[in-house]
Amino acid sequence: MNYTFDYLVFIGRFQPFHLAHMQTIKIALEQSQNVILALGSAQNERNIKNPFSASEREQMILSNFSAADQKRIKFVHVVDVYDDEKWQKLVKSLVSEVVEPEAKVGLIGHFKDESSYYLQLFPEWEMVELASLVGAISATPLREAYYRGEIIESAFPLGTSEFLHKFQNTSTYQQLQHKYLTQDKTNLEKS
């Protein structure tokens, strides 16, 4: 098969991994020999916005792909750096540790809103820009529903759904849910 790229980089937090993410990776696998998922917010501490560790996200993501596709998906862990220039250098250096020196690297993504500006920070990587996918799913309302005890099955591939059900039985989930619900109550009382 002739691929346009050796590697396509897909940057995201995948908190949690949903169908639009999966669709993006499937498109990337059609155009590239390998896909590198740059897992954002990969530091160790968990919070309401980032409930899953980098290794849990790897497991969650890979559970949705065939063994052959799993071999073509690579991961780099990007910790939060609140400076665009430092963050861009970090992403590039992590990617360069995975790819061969002469590899053709591209970037795949979707300009969803102003938070997508980071896609323009890599002009040396050819951009594969995607139109809005699967009814423009956003992870934020999915996380909020999850903390309320709901798993919106229609938004997730099977592997993610199974992961979320198992994770609900952990003390980590209970702590995050408590934090979310008490914070939610505090915000309601303020308004």
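The values are calculated or read from the model by the stated rules, or taken from the named source; none is laboratory data. Because the structure is a prediction, the values reported are computed rather than measured. Every residue, glycine as well, gets a Cβ built from its backbone with ideal geometry; the counts of neighbours run over all protein chains shown. With ligands, DNA and RNA removed, areas are computed over all heavy atoms of the protein, side chains included. Shrake-Rupley method; radii C 1.70, N 1.55, O 1.52, S 1.80 Å.
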Of everything in region 115-140 that's open to solvent by 70 Å² or more (accessible area, probe 1.4 Å) and in a helix (DSSP H, G or I), which residue is modelled with the highest pLDDT? Gln120
Mind checking which residues of region 26-35 are in contact with a helix residue (DSSP H, G or I) (Cβ under 9 Å, 6 or more places away or on another chain) and either closer than 10 Å to Gly106 by Cβ or buried (at least 23 other Cβ atoms within 10 Å of the Cβ) (or both)? Ser32, Val35
Could you please find all residues in region 46-67 being in contact with a strand residue (DSSP E or B) (Cβ under 9 Å, 6 or more places away or on another chain) and among the hydrophobic types (A, V, I, L, M, F, W, C)? Ala54, Ile61, Leu62, Phe65
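Mind checking whether some residue in region 27-35 is within 22 Å of Lys86 (Cα to Cα) and modelled with pLDDT of 95 or more? Walk me through how you get there before you give the answer.
Filtering region 27-35 for residues within 22 Å of Lys86 (Cα to Cα) gives none.
Taking every residue of region 27-35 in turn, none turns out to be within 22 Å of Lys86 (Cα to Cα) and modelled with pLDDT of 95 or more.
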Cβ-Cβ distance below 8 Å, separation of 6 or more or different chains: which pairs start in region 2-20 with a residue that is touching a residue at least 60 places away in the same chain (Cβ under 8 Å) and end on one that is of a type in the set (Ser, Thr, Tyr) and open to solvent by 50 Å² or more (accessible area, probe 1.4 Å)? Ile11/Tyr118
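Just wondering, is there one or more residues in region 62-76 that are assigned to a loop (DSSP other than H, G, I, E, B), open to solvent by 10 Å² or more (accessible area, probe 1.4 Å) and free of Cβ contacts under 8 Å to residues at least 24 places away in the same chain? Step through it out loud before you land on a result.
Pass one, region 62-76, residues assigned to a loop (DSSP other than H, G, I, E, B): 63-66.
Next, only the ones that are open to solvent by 10 Å² or more (accessible area, probe 1.4 Å) stay: 63-66.
Filter once more, so that each one left must be free of Cβ contacts under 8 Å to residues at least 24 places away in the same chain: 66.
The answer is yes; a qualifying residue exists.
So which residues in region 93-114 are farther than 24 Å from Ala20 by Cα and assigned to a helix (DSSP H, G or I)? Write out each step before concluding.
Here is the first cut: in region 93-114, the ones farther than 24 Å from Ala20 by Cα are 93-94, 96-104.
Scanning region 93-114 gives Ser93, Leu94, Ser96, Glu97, Val98.
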